[in-house]
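A.B. asks: Got a structure here, written out as structure tokens. Questions coming.
Only the coordinates and a few stated rules stand behind these numbers; no lab work does. All values derive from a computational prediction rather than experimental measurement. We place every Cβ from the backbone using ideal geometry, glycine too, and count neighbours over all the protein chains shown.
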Amino acid sequence: MMSPDQDRGNSFSVPEALGQSEAFIEFQEQISKVAPIDRPVLILGERGTGKELAASRIHFLSRRWSKPLVTLNCSALTPGLIGSELFGHEKGAFTGAASRKAGRFEKAAEGTLFLDEIGAIPMEVQEKILRAVEYGSFERVGSSDSVVVDVRIVAATNADLEGMALSGEFKQDLLDRLSFEVIYVPPLRNRKEDILMLARHFAGRMAYELGWGDIPKISGSAVKALEAYPWPGNIRELKNVIERAVYKSSSHKIEDISFNPFTSPFGDDFKNRGQGGARVTSGVQKAEPEEPGETTGDFADIVNQAFKKPFKEAMGDLERTLLSRALKDCRYNQRSAAKTLGLSYDQLRGLLKKHRV
């Protein structure tokens, strides 16, 4: 897997893309078709699907393949540092700027700049990116001199950029410029035919790391479990699950699959009570507090109680209850809870923030 915040140069090697499913093949065909077109590309996909791998393939299948591929994980930097990291700065531009520094745009000259998690970029920096994309020029932080550069932008995110643009959180003009082509990375649950192939690939790599002579075999029951699992963490999660299963196996055969490493051997109480253990007063153990926003009783009781309250307060109670129960049923996986409620991920996050759930 590639590090999303590392500069890429000519020595960078293209990781292998594995898959035989129809969704994967169509996705690769999209990449092959758009790669030679010297226009911005926006890659959308869930976490762990391999958006950075798609960006690298676009670069190495383009006419810019011999030039640098430079990446920046926009969510890994504070808003105040992103502008300096992208456009560079002059000596004395701010405290600690002891010398001139070239930004990622300059380092990617004649090559490709991959902006991962572009939804995390603040508005004032989006304006500068828009100018750089439209006119091929920008100013370093602390300078009024224009720097001309030829760079292709490939951006990626798992955020709802359309929704962010409508709410004013993302610049619509920049979204229009970046979305010459929008490519959706298929989630692993839509690539059922690829799960076993990827699992064997990761198992073989882990076995090699452990110094084993043979590639571990995967039992039929383990295969069924792998193919039935929804994979909210996609390929990254599959890699962790398989590597964990390999190193724990004693016979070089994967029989048991542990999907959740946080399942406590001491039961749910251990997780819920935390490190301090159960709180006991006068020899009587207190009941655990309700989860924020959760209402006791069955749904009919909740509805009956709602009629005794003002409309807005009642609707708030119902929303909090639905959110809490969906999260609990989905083991606090927010994307799964959003799907259960028929909401987008960003809609769910907005409601959680609204109700402080």
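A.B. asks: Which part of region 205-245 falls in the paramagnetic zone of residue 258, meaning amide N under 17 Å from the point 7 Å along Cα-to-beta-carbon?
C.D. replies: Backbone N within reach: 222, 226, 237-245.
A.B. asks: Enumerate the lysines that residue 354 could reach by cross-link, defined here as Cα to Cα under 20 Å, with residues fewer than 8 away along the same chain left out.
C.D. replies: Reachable lysines: 309, 312, 328, 339.
A.B. asks: Something else about it: Would you please give the FRET efficiency between residue 210 and residue 189, computed as 1/(1 + (r/R0)^6) with r the Cβ-Cβ distance and R0 = 35 Å, to the nearest 0.05?
C.D. replies: Details: r = 29 Å, r/R0 = 0.83.
So, using R0 = 35 Å, E works out to roughly 0.75.
A.B. asks: Once label points are set 7 Å from the Cα along Cα→Cβ at both residue 197 and residue 332, what is their separation, rounded to one decimal in nm?
C.D. replies: In this crude label model, residue 197 to residue 332 measures out at 3.6 nm.
A.B. asks: Can you put 89, 59 in order, fewest other beta carbons within 10 Å first? Intermediate values should be presented prior to the final figure.
C.D. replies: Values: 89 21, 59 27.
The most exposed by this proxy come first: 89, 59.
A.B. asks: Between residue 100 and residue 144, what is the label-to-label distance in nm when each label sits 7 Å out along the Cα-to-Cβ direction?
C.D. replies: Roughly 1.8 nm, to one decimal.
A.B. asks: If you don't mind, there's one more thing I want to ask. Sort 154-161, 74-81 for me by packing, meaning the mean count of neighbouring Cβ atoms within 10 Å per residue, highest on top.
C.D. replies: 154-161, 74-81
A.B. asks: Still on this structure, please answer the following. Out of residues 5 or more away from residue 100 or on other chains, whose amide H comes under 5 Å of its own, with H placed 1.01 Å from N in the peptide plane?
C.D. replies: Hits under the 5 Å cutoff: 91.
A.B. asks: Within region 40-183, how many lysine pairs that are 8 or more places apart, or on different chains, have C-alpha atoms less than 25 Å apart?
C.D. replies: For region 40-183, qualifying lysine pairs total 14.
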